[in-house]
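First up is the structure itself, then whatever we jot down about it.
Coordinate-derived values only; no laboratory data. For clarity, every value in this text was computed on a predicted model and none was experimentally measured. Cβ coordinates were reconstructed from backbone atoms using ideal geometry, including for glycine residues, and neighbour counts include every protein chain displayed.
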Amino acid sequence: MMKSIVCQEPGKLEFSQSKKPSPLAGEVLLKIRCIGVCGTDIHAYGGNQPFFSYPRVLGHELAGEIAELGEGVDLPIGSAAFIVPYLECGECIACRNGKPNCCTNIEVIGVHRDGGMCEYLVVPADHVVITEGVSFEELAIVECLAIGAHAVRRANISEKDTVMVLGAGPIGLGAAQFAQVAGAKTFIADLNDERLAFCDSEFSFDAQIDSKLDVEKQLSTLTNGDMPTVIIDATGSPKAMESTIGWLAHGGTIVFVSVVKADISFHDPEFHKRETTLMGSRNATKEDFEHVVECMRTGKVKSGNMVTHRTSFNDFTKTFPEWVKPDSGVVKAIIEVD
Ligand SMILES: [Zn+2]
Ligand SMILES: [Zn+2]
């Protein structure tokens, strides 16, 4: 038997007992060791995740140990791994063009199907990545960082760029770190003073920008009037997303990472005169995951300083309601399963 944490309905988490699953052909049974708690989990718990159905086992930022193999799978039992939680169809136009991250039939573990807030989880073997030399806690953050790494790769960021990342949540912090890894001058912007202070103490970005003040003026001063060549939005705020066009360098690129349930509009002459490139960025691909792990191994990216809160699996149902409160100060939280 094994224990799972089930989100029965918004605001209600309960432990449940079920039979320990067995892997079928091509699958692996993972003993879960660390779970990253994500904005998606918080929104699902809060009831404001539009595509969610309940009851649901949450959790898609998962690290564990290979416990059992299905037929035809040859992986070392006991080795540490993380999972790529996006299950693609392999047949649609996006999959055929090498973009499984935006598959038309995508199913995300912990979102569209039950996830990893449990002791054991069966996953397709080709979505398990064995990784040595990185802690379980770091492995549980790979997915979150890969989202930012993907946005940076989308925009083809290099040392020639000046990048502003809007929103200093876990996704924004990931994007900003990978912009730095790519050699760009990097600014991070947020409304929250505490969060800006956190960025200042834990990271070494070129500047912190206070979004409550005149952003355009701050950017103009920092860039001698050139403005950032790339703006990455990770705010989830339509107003911030609409403002980005006016803050961009001519010839620059905007990447929307955060998704909002809203219409976004802008004044076309502002968009056009810059010959703006506007792109969405969704999920991440295996290349992004590999890049993240390599940067962790070589110490180019510090993942540990994003983790502000930790709890055990058994305490999670009590701890989580505290983490969800707006003044909790949670940047990234981790559940440890023993
Ligand atoms: Zn996530
Ligand atoms: Zn597909």
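Kindly provide the pair-distance distribution of the chain built from C-alpha pairs, with 20 Å bins from 0 and whole-percent values in order of increasing distance.
31, 57, 12, 0
Which entries in Lys217/Lys239; Lys239/Lys300; Lys185/Lys217; Lys160/Lys300 show an alpha-carbon gap greater than 25 Å?
Lys239/Lys300
What's the local net charge at Gly133, with K and R +1, D and E -1, over the other residues with C-beta under 13 Å away?
-2
How big is the dipole moment of the chain about its Cα centre under a simple scheme where the beta carbon of each Lys and Arg is +1, that of each Asp and Glu is -1, and everything else is neutral? Debye, nearest 20, please.
The dipole of the chain has a size of about 260 debye.
Stokes-Einstein diffusion coefficient for region 145-280 at 10 °C in a medium of 1.306 mPa s, Rh from the Kirkwood formula over Cα pairs: what value in µm²/s?
Roughly 110 µm²/s, to the nearest whole number.
Give the separation of the Cα centroids, region 274-338 to region 130-165, in Å.
Value for the Cα centre distance between the two parts: 11 Å.
Starting from the Cα-Cα distance between Asp263 and Ser328, subtract it from 0.36 nm times their residue separation and give me the gain in nm to one decimal.
So the chain would gain 20.4 nm between Asp263 and Ser328.
Between Glu290 and His250, what is 0.36 nm times their sequence separation minus the Cα-Cα distance? Round to one decimal in nm.
11.1 nm
In region 191-294, which trypsin sites (Lys or Arg not before Pro) are in a loop and have at most 12 other Cβ atoms within 10 Å, using DSSP for the loop call?
Lys212, Lys261
Would you kindly state the longest site-free stretch of the chain, with sites defined as GluC sites (Glu not before Pro) in a DSSP loop (not H, G, I, E, B) surrounded by at most 11 other Cβ atoms within 10 Å?
The reported range is 160-274.
Assuming 0.36 nm per residue, please report the length gained on full extension of the stretch Lys239 to Gln8 beyond their Cα-Cα distance.
79.8 nm
Any idea how far the Cα center of region 198-249 sits from the one of region 40-94, in Å?
33 Å
Given region 1-131, what whole percent of its Cα pairs are spread farther than 21 Å?
43 percent
Taking a temperature of 37 °C and a viscosity of 0.692 mPa s, what whole-number D in µm²/s does Stokes-Einstein yield for region 80-216 with Rh from Kirkwood over alpha carbon pairs?
Value of D from the Cα-based Kirkwood radius: 193 µm²/s.
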